[in-house]
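The structure appears right after this line, and notes come after that.
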Amino acid sequence: MIRNQIALLRREFWEHRAIFFVPVIVAVLMVLTSLTGQVSIGQMEHVDIGILGATNMPDNARSAALSGLMIAVSSTFVFAMWILTIFYSLDSLYAERKDRSILFWRSIPCSDFETVLSKLLTAMFVIPLVTFIIIAATHLFVLLNVTIWVDLRGGSVWHLIWSAAPFVDNWTATLVFLLALPLWLSPFIGWFLFVSAFTKRSPLLMAALPIVMLPLLEKILFDSAVFAETFFVRSVKMPLFVGLDNMEILFQEGDEFARLAEAKLSLMSLMDLGGFLSDPQLWLGIIVCGLFTAAAIYVRRYRDES
């Protein structure tokens, strides 16, 4: 089964090149944006004074500033990853029926369970891992651009950038978040796979209609908002982050450098991985995802495509 899964996961890369191309396109845009920003900043007055001021900043302040830059880059990838996951999940089982390639794949010794499982694993783990690798590469490219710019301005690139950049903390937190996000949103992924397995047309519309209509019907008929609150909590309130009050110092009035120096930001210290993994809502969502996935396997197995 493991060998079959490896082959099926490779198949997903062959058939869905967007798994790789979407984060690469985002990476190119981010690198170009960093170059454009450096050109714009270079035309501003007192740039050299700013570099001198950054040189005299405390280590915590430089680390926090660079962490903010890396978070900004990562956030764009996270948004793109979730959009990619939605469209991949909706297309993964629908496309093989649309082009009738399902008839070929059924002729090889792989069960419907193995096939649907490979698509679930791709959405839950492969896409986040590919995204993480490209995020890390983009961080390096962006900081390399900044390094060249600072060096041309006469700044100490090792002191200002490479000795201060929190690579381990930032990359570890990013990887944890990228893997935790699909787990928390797994009911949606399971639902999208189920819709992809049974719908004959417009999978995005078929998937979105119940999510939109159920809260509206519940409000009209019962004057309650159970579905709406469930969708909102599952979409927005992922219980992974704690200690966010530590970041309030960044928004207080006063000297910006002093706030950064006092912040001592650490992304991993803001995460409660144990609390996240022990949250009943997480496991309830995984169970719901399993039920939808089982339904997708059933539909794929017994649907007549001849």
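The values are calculated or read from the model by the stated rules, or taken from the named source; none is laboratory data. Everything numeric in this text was worked out from a predicted model, so none of it was measured. Here Cβ is always computed from backbone atoms with ideal geometry, including for glycine, and neighbour counts include all displayed protein chains.
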Glu218 fails exactly one of the following numbered conditions: (1) in a helix (DSSP H, G or I); (2) touching a Phe, Trp or Tyr at 6+ places or on another chain (Cβ under 8 Å); (3) closer than 24 Å to Gly290 by Cβ; (4) not basic (Lys, Arg). What is the number of that condition?
(3)
Residue selected from the range 154-183 under the condition closer than 15 Å to Leu267 by Cβ and among the aromatic types (Phe, Trp, Tyr), by the criterion surrounded by the fewest Cβ atoms within 10 Å (Cβ to Cβ)
Phe167
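Hey, among Leu103, Leu129, which residue is surrounded by fewer than 21 Cβ atoms within 10 Å (Cβ to Cβ), at pLDDT 90 or above and not polar (S, T, N, Q)? Outline the logic, then answer.
Working: Leu103 fails: at pLDDT 90 or above.
After ruling out the rest, the residue left standing is Leu129.
Look at Thr122 and say whether it is hydroxyl-bearing (Ser, Thr, Tyr), touching a residue at least 40 places away in the same chain (Cβ under 8 Å), buried (at least 20 other Cβ atoms within 10 Å of the Cβ) and in contact with a His (Cβ under 9 Å, 6 or more places away or on another chain).
On the way: hydroxyl-bearing (Ser, Thr, Tyr): yes; touching a residue at least 40 places away in the same chain (Cβ under 8 Å): yes; buried (at least 20 other Cβ atoms within 10 Å of the Cβ): yes; in contact with a His (Cβ under 9 Å, 6 or more places away or on another chain): yes.
Spelling it out, Thr122 is indeed hydroxyl-bearing (Ser, Thr, Tyr), touching a residue at least 40 places away in the same chain (Cβ under 8 Å), buried (at least 20 other Cβ atoms within 10 Å of the Cβ) and in contact with a His (Cβ under 9 Å, 6 or more places away or on another chain).
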With criteria (1) of a type in the set (Val, Ile, Thr); (2) within 23 Å of Met70 (Cβ to Cβ); (3) touching a residue at least 12 places away in the same chain (Cβ under 8 Å), Ile189 comes up short on (2)
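Per-residue answers, yes or no, for (1) assigned to a helix (DSSP H, G or I); (2) over 19 Å from Phe188 (Cβ atoms); (3) modelled with pLDDT of 70 or more; (4) touching a strand residue (DSSP E or B) at 6+ places or on another chain (Cβ under 9 Å):
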site	(1), (2), (3), (4)
Leu214	yes, no, yes, no
Ser224	no, yes, yes, no
Ser235	yes, no, yes, no
Met238	no, no, yes, no
Glu262	yes, yes, no, no
Ser266	no, yes, yes, no
Gln281	yes, no, yes, no
Val299	yes, no, yes, no
